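A.B. asks: Below you will find the structure I want to go over with you.
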Amino acid sequence: MAKIKNLLFDMGAVLINIDYNKTIHAFQEIGINDFGTQFSQTTASPIFESLETGKITEVAFYQQIQSQCSNTVDSTAIKNAWNAILEDFRKESMDFLFTLKKEYRLFLLSNTNAIHLDEVNLILQKQLGVNQVDDYFEKAYYSHKVGMRKPNADIFEFVLEDANINAAETLFIDDTQMNIDTATTLGFKTHLLLPKERIELLTYY
């Protein structure tokens, strides 16, 4: 069995706490009652998939959401509703990354978008005094920047080639089963992070 040399982390519900219900309620308040069917842990409608793969701009996203609202809603209200999903970083987990960095190569692989990434970095700056999430990793791969998203195999293959790492020597940690399934198929070692688990309490070997 190959020794683990690399750690590949998801971000949402692994390093930062998220709450889908808060965003569902926030979108209901601006007149969109089916947000839960448009975006969830396992699904993304064409609008949200396009946003998370960088195929549409923030402005285009706001315009498409506005077209679904019965009342006039400005982009700030939509931005706030969309960002309502984001809570605080898991401080102990983030601190533990510095410990792991001494022994492993660390990478991030996140399905996200420009709106969320800006907000995530603001939360990080205010909470932990760190400028950006990228500072914790050798390299961070964001779906909207590479034009691909999990659970599709192409984004995992892209990371393997770009980082010059071997799947068998890489542990992938994510909170979504279908992402874990793809990584497992590609030869990664994997760990499905359960809601009460934290990365600083896992065994790395």
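Bear in mind that the values in this text are calculations on the coordinates, not laboratory data. All figures in this text were calculated on a predicted structure; none of them were measured in a lab. Every residue, glycine as well, gets a Cβ built from its backbone with ideal geometry; the counts of neighbours run over all protein chains shown.
A.B. asks: Per-residue ellipticity at 222 nm for the chain, helices alone: DSSP H runs ≥ 4 residues times -39500 (n - 2.57), over residue total, nearest 500 deg cm²/dmol?
C.D. replies: On the way: 10 runs with 88 residues, N = 205.
Helix-only estimate at 222 nm: -12000 deg cm²/dmol.
A.B. asks: Grab the chain and count how many Lys pairs have their alpha-carbon atoms under 21 Å apart, sequence gap of 8 or more, or different chains.
C.D. replies: Qualifying lysine pairs in the chain: 28.
A.B. asks: Rounding to the nearest 20 debye, state how big the charge dipole of the chain is about its Cα centre with +1 on each Lys and Arg Cβ and -1 on each Asp and Glu Cβ.
C.D. replies: Here the size comes out at about 360 debye.
A.B. asks: Percent relative contact order of segment 20-83, based on C-alpha pairs within less than 8 angstrom and at least six residues apart?
C.D. replies: Details: 47 pairs, mean separation 24.2, N = 64.
Worked out over segment 20-83, it gives 38 percent.
A.B. asks: Still on this model: Say R0 is 22 Å: what FRET efficiency, to the nearest 0.05, do Ala60 and Lys145 get from their beta-carbon distance? Don't skip to the end; give the middle numbers.
C.D. replies: Working: r = 17 Å, r/R0 = 0.77.
The pair Ala60/Lys145 has a calculated efficiency of 0.85.
A.B. asks: Which whole number of Å³ per residue matches the convex hull of the alpha-carbon atoms in segment 158-205? Walk me through the intermediate numbers first.
C.D. replies: Values: hull volume 3.8 nm³, N = 48.
About 78 Å³ per residue, rounded to a whole number.
A.B. asks: If you don't mind, another one. For segment 26-102, state which trypsin sites (Lys or Arg not before Pro) are in a DSSP loop and have at most 14 other beta carbons lying within 10 Å of their beta carbon.
C.D. replies: Hits after loop and neighbour filter: Lys55, Lys101, Lys102.
A.B. asks: Lys/Arg Cβ at +1, Asp/Glu Cβ at -1, dipole of the chain taken about the Cα centre: which of Leu122, Gln132, Thr53 is farthest positive-ward?
C.D. replies: About the Cα centre, the residue reaching furthest to the positive side is Gln132.
A.B. asks: Could you give the size of the charge dipole of segment 32-108 about its Cα centre, using +1 on the Cβ of each K and R and -1 on the Cβ of each D and E, expressed in debye and rounded to the nearest 20? Before the final figure, lay out each step's value.
C.D. replies: Working: 7 positive and 10 negative charges, 60 e Å.
The calculation lands at about 280 debye.
A.B. asks: What is the percent of Cα-Cα separations in segment 20-83 that go past 15 Å? Don't jump to the answer; show the numbers that get you there.
C.D. replies: Details: 942 of 2016 pairs.
Of all Cα-Cα distances in segment 20-83, 47 percent exceed 15 Å.
A.B. asks: Relative to the Cα centre, what is the charge dipole magnitude of segment 102-173, using +1 at the beta carbon of each Lys and Arg, -1 at the beta carbon of each Asp and Glu, and rounding to the nearest 20 debye? Provide the component values of the computation, followed by the final result.
C.D. replies: On the way: 7 positive and 11 negative charges, 40 e Å.
That gives segment 102-173 a dipole magnitude of about 200 debye.
A.B. asks: Summing Lys, Arg as +1 and Asp, Glu as -1, what charge do residues with Cβ under 11 Å from the Cβ of Asp19 carry, Asp19 excluded? Walk me through the intermediate numbers first.
C.D. replies: Values: positive: Lys22; negative: Glu87, Asp88.
Local charge sum for Asp19: -1.
A.B. asks: Could you rank the peptides 11-22, 192-203 by their average count of other C-beta atoms within 10 Å per residue, with the highest value first? Kindly include the intermediate steps, with their values, before the conclusion.
C.D. replies: Numbers: 11-22: 17.8, 192-203: 12.2.
Put in order of decreasing packing, that is 11-22, 192-203.
A.B. asks: What Rg and what Dmax come out for the chain when only alpha-carbon atoms are used, in angstroms?
C.D. replies: Here Rg and the maximum Cα pair distance are 17.2, 59 Å.
A.B. asks: Right, something else. Working out 0.36 nm times the residue gap between Glu92 and Asn152, then minus their Cα-Cα distance, what length gain in nm do you get to one decimal?
C.D. replies: On the way: separation 60, 0.36 × 60 = 21.60 nm, distance 3.03 nm.
Net length gain for the segment: 18.6 nm.
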